[in-house]
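What follows is a set of notes on a single structure, which appears directly below.
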Amino acid sequence: MSRFKAALFDLDGVVFDTEPQYTEFWGAQCREFHPEHPGLEHEIKGQTLVQIFDRHFSGDLAYSQEIITKRLNEFEQTMRFDYVEGFEAFVGELRSRGVKTAVVTSSNLAKMQSVYERRSEFRQLFDAILTSEDFERSKPDPDCYLKAAARLGASIDECIVFEDSFNGLKSGRTAGMKVVGLATTNSAESIAPYSDVVISNYIDFDPWQVI
């Protein structure tokens, strides 16, 4: 990797430290609709809403999808969006050195509207923001990261992906890009096989070391 031109960030657990809040939300839903499956909220981390519904809330539980969707929309309108420690300074340093930045998230536009309302500076931190509406295939498929690279005019070997979930890490790896794993959602040991380097936050992290 001779050049580093683009940093591609997942959203939850990578830009924002929101995973504890989502774990609490999904824990309540799983206990209500899947009392026979304790800990399911941890197993679904990193999956899209469609994937969660298809795998765990279909068939006899299909009626629950409308209920959960309404609750999730209401939840996301009031949740906190706290940056992962060191993120703002880190992305500012990248941009000052000419590196382009993008968010590549499975979240939809409605969720992003809540982000914009609470974080007025958010859009100024990125050259592009790609949401679920921009992708034909969800993570772990590489489609989203390949589209992000094209949007920024960067080749595969000029991109570094920042991810926390297994599906996201696999997506970046399958895209052929360097991958930085954030140990905010899963343990450092568990995500290490899917990452070129693992960090807990952005403080004192030098991405050029990955190169």
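The values are calculated or read from the model by the stated rules, or taken from the named source; none is laboratory data. These figures come from a predicted structure and were not determined experimentally. In this analysis, Cβ positions are derived from the backbone assuming ideal geometry, glycine residues included, and neighbour counts consider all displayed protein chains. For accessibility, only protein heavy atoms count, side chains too; no ligands or nucleic acids. Shrake-Rupley method; radii C 1.70, N 1.55, O 1.52, S 1.80 Å.
Here are a few things to note about the model shown:
- A simple rule links phi to the HN-Hα coupling: the Karplus curve 6.51 cos²θ - 1.76 cosθ + 1.60 with θ = phi - 60°, which for region 125-137 gives 7, 10, 7, 7, 10, 10, 10, 4, 5, 8, 10, 8, 10 Hz, with x for Gly and Pro.
- Distance between the modelled labels on residue 66 and residue 3, one decimal in nanometres: 5.3 nm (7 Å Cα→Cβ projection).
- In the chain, the longest principal axis of the Cα atoms and the axis of helix 143-152 are about 40 degrees apart.
- Accessible surface of region 1-154, 1.4 Å probe, proportion on carbon and sulfur as whole %: 46 percent
- For the chain, the longest principal axis of the alpha carbon atoms and the long axis of helix 109-118 meet at an angle near 70°.
- The chain: angle of helix 19-33 to the longest principal axis, Cα-based, in degrees nearest 10: 20 degrees
- At the residue level, residue 165 shows approximately 10 square angstrom of accessible surface with a 1.4 angstrom probe and all protein chains present.
- Over the chain, DSSP H runs of length four or greater, each weighted -39,500 (n - 2.57), average out per residue to a 222 nm ellipticity of -11000 deg cm²/dmol.
- Taking a sphere under 13 Å around the Cβ of residue 114 and counting the other residues whose Cβ falls inside, with K and R at +1 and D and E at -1, yields a net charge of 0.
- Distance (nanometres) between label positions extended 7 Å along Cα→Cβ at residue 189 and residue 150: 4.1 nm
- Sorting 36, 93, 189 by accessible area puts them as 189, 36, 93; the probe is 1.4 Å, largest comes first, and only protein heavy atoms count.
- For the chain, the per residue solvent-accessible surface stands at 47 Å², with DNA, RNA and ligands left out and a 1.4 Å probe.
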